[in-house]
Amino acid sequence: MIERVKITDSAIAVIETLKKEHGELMFHQSGGCCDGSSPMCFEKGELMINETDVWLGKIHGCNFYMSSDQFEYWKHTQLTVDVVKGRGASFSLEIPLGVRFVIQSRMYKEDEINELSPIYVGEHV
């Protein structure tokens, strides 16, 4: 299976720091306001997931979601969560650390399409 969402070692280190302070975490790929299309990190359950959200997988033990509308645009790309220095303009938990999560993406190759990991609509455990 080819994962739909991956994570860099740098982002894992930030998640470890955040888990120590906040416990279990979740991600939602922002679709517009605040920080554009940045992945946003929340305490698990802080953001209500509903039937319009798509679960793409887990990164370092954290569920990763995006809205179904945005998924339509991104469904042909593999996402990699990374981190860069600088403050974003969002409510994401990493902002006080002076860093922000960002997405790197790449288009799937034609032979990868049939090997993609499954997605789920709505909250997934």
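The values are calculated or read from the model by the stated rules, or taken from the named source; none is laboratory data. Here the structure is a predicted model, which means the values were calculated and not measured. Note: areas computed on protein heavy atoms with side chains; ligands, DNA, RNA excluded. Shrake-Rupley method; radii C 1.70, N 1.55, O 1.52, S 1.80 Å.
When all protein chains stay in place, what accessible area (Å², nearest 10, 1.4 Å probe) is found for Lys19?
Solvent-accessible area, nearest 10 Å²: 60 Å².
Where the Cα atoms of the stretch 48-105 are projected onto their three principal axes, how long is each span, largest first, in whole Å?
The Cα atoms of the stretch 48-105 stretch 32, 25, 23 Å along their principal axes.
Determine the relative contact order of the chain: mean sequence separation of Cα pairs under 8 Å and six or more apart, normalised by residue count, in whole percent. Don't skip to the end; give the middle numbers.
On the way: 233 pairs, mean separation 42.1, N = 125.
Reported relative contact order: 34 percent.
Hey, if you drop one equal point scatterer on each alpha-carbon of the chain and run the Debye formula without solvent, what base-10 log of I(q)/I(0) do you get at q = 0.11 Å⁻¹?
-0.34
With each run of n ≥ 4 DSSP H residues scored as -39500 (n - 2.57), what mean residue ellipticity at 222 nm is computed for the chain after dividing by its residue count and rounding to the nearest 500 deg cm²/dmol? Write down the numbers at each step before the final one.
On the way: 2 runs with 21 residues, N = 125.
Theoretical 222 nm ellipticity from helices: -5000 deg cm²/dmol.
For a quick check of understanding: with a 1.4 angstrom probe and all protein chains in place, what accessible area in square angstrom does Ser38 have, to the nearest ten?
Looks like 10 Å² after rounding.
What is the helix-to-structure angle for 9-22, meaning the angle in degrees between its Cα long axis and the longest Cα principal axis of the chain, kept from 0 to 90 and rounded to the nearest 10?
So the helix axis and the longest Cα principal axis differ by about 60 degrees.
Looking at the chain, send over the antiparallel percent of its DSSP beta bridges, to the nearest 5.
Details: 23 of 31 bridges.
If we restrict to bridges inside the chain, about 75 percent are antiparallel.
Need one value: the accessible area of Leu116 in square angstrom, 1.4 angstrom probe, rounded to the nearest 10.
30 Å²
For Asp53, Asp111, what's the largest-to-smallest order of accessible area, 1.4 Å probe?
Numbers: Asp53 10, Asp111 110 Å².
Highest to lowest solvent-accessible surface, that is Asp111, Asp53.
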